[in-house]
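Below: the structure, in structure tokens.
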Amino acid sequence: GELRFHTTGPAFDGVTFSPLERRLIDLGDAAVGGTGASRTLRLENVGSGAVTVGAGSTSGPNASSFEVVNDTCGPLGSLAPGATCTFDVRLAPAVQGAVEAVASIAVGTDVGTRSLAVRGAGQQPTSTTIDGPSGWNWNPIDLSAQVTPSPTTTDGGSSVWFQFPDAGPDGPYGGPVPMMADGSASFGGHFPPGSHRVYAEYNPNGIGTWANSRSETITIKVMHASS
């Protein structure tokens, strides 16, 4: 607390700024030109008088790689006793590699502006396509995928995953297959009779300097022989 005598100055501090558990927030990775994870920052006026508040902002050499969204503080201008406001800081990489900035908001107390460091990483965008046989087909079935541009296979993700979202106990079973130097990958085998949806996904673990990408979902149809 504080004790003042015959003063009309602003409160020394009556505002809490959270999250308080850390002074640095890591927002992970996202493709350059895209958006990634966000984190909500919160102000609460725990004092007995209203305090002025500004809008959330970012500063620093990589400020353009972060966005302030869903800002409820800026439109208020003033925070009444017991009131709260929030704003989100979102990763939106403008460049490849590690990016850092400072998220700030002006507060009208003697303590003044509150700040929190944020960081993340920009990844090279990729796109993934998938190709398979059309119509009804006999086993075996061959599928192919292509990642563009071709990622360096030693850079945190040398596999393409063929995923079957509707697979039951009898399969079919997908999984990672090696990606070739030109970004291609192949998957095939004998599948249970019926229709099966499948898509290809590059680097689902999100590591390395190349961003995740996922193809459209296609349907393969496997015929069943009967007497």
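The values are calculated or read from the model by the stated rules, or taken from the named source; none is laboratory data. Treat the numbers as computed from the prediction; the structure is a model and nothing was measured. Positions of Cβ are backbone-derived with ideal geometry, glycine not excepted, and every protein chain shown enters the neighbour counts. Surface areas here come from the heavy atoms of the whole protein model, side chains and all, with no ligands, DNA or RNA. Shrake-Rupley method; radii C 1.70, N 1.55, O 1.52, S 1.80 Å.
Observations on the structure shown:
- Selection count where residues are more than 16 Å from I130 (Cα to Cα), under 29 Å from the mean Cα position of the chain (by Cα) and small (G, A, S), scope the range 169-212: 4
- Yes/no for G82 being touching a residue at least 12 places away in the same chain (Cβ under 8 Å) and either surrounded by fewer than 13 Cβ atoms within 10 Å (Cβ to Cβ) or in contact with a helix residue (DSSP H, G or I) (Cβ under 6 Å, 6 or more places away or on another chain) (or both): yes
- Selection of first residues in the range 91-109 that are without any contact (Cβ under 8 Å) to a residue 60 or more places away in the chain and of second residues that are crowded, with 17+ Cβ neighbours inside 10 Å and among the aromatic types (F, W, Y), restricted to Cβ pairs under 8 Å at least 6 apart or on distinct chains, gives the following pairs, ordered by first then second residue: V99/F66; A101/F66.
- Taking the range 85-148 and the strands (runs of 3 or more DSSP E) fully enclosed by it, the elements with 2 or more residues that are farther than 21 Å from M180 by Cα are at 97-105, 114-123.
- Between A92, A98, the distinction of being of a type in the set (G, A, S), closer than 28 Å to T209 by Cβ and open to solvent by 20 Å² or more (accessible area, probe 1.4 Å) belongs to A98 only.
- Output for the range 40-59, where each listed residue is in contact with an Asp or Glu (Cβ under 7 Å, 6 or more places away or on another chain) and surrounded by fewer than 20 Cβ atoms within 10 Å (Cβ to Cβ): T40, A55
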